[in-house]
1. Can you bin segment 1-54 into rounded, prolate or oblate? Criterion: square roots of the alpha carbon gyration tensor eigenvalues sorted a ≥ b ≥ c, rounded for a/c under 1.5, prolate for a/b above b/c, oblate for the rest.
2. Val37 to Lys68: extension gain in nm, 0.36 nm per residue of separation minus the Cα-Cα distance?
Amino acid sequence: MRLAEVIFIVIVALFFDYTNGFHDAANSIATVVSTRVLTPRVAVAWAAAFNFIAFLIFGTHVADTVGKTVRPESGIVSQGVVF
C-alpha cells in the first residue's frame, strides 16, 4: 500500500471516529435532557466529567480486554461481522 493510501485511510477513520463521537454523546444525554431532568448545558458537563473520571479510574483496561478477547483467528470475528 502506498503512503498516500494509508494517509487517506487514517484520515477517513479519524473523521468517522469524530462524527461517531457526536452520536454517542447525544445518545448519552438525550434521556435526561428530553425529560428535563437536567438542562443541556449541565448534562453535557456531567457527561464530560464522568467520561474523564472513567478514564482516570479504568484507563485502557476495556480496550485491552477487547483486544485480548476478540481475535480474528479465534473465529469470533468473521467477514460477515466486520462487513
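1. Prolate is the answer for segment 1-54, as a/c is 1.5 or above and a/b outweighs b/c.
2. 7.3 nm
Read the figures in this text as sums done on the coordinates, not as results from a lab. These figures come from a predicted structure and were not determined experimentally.
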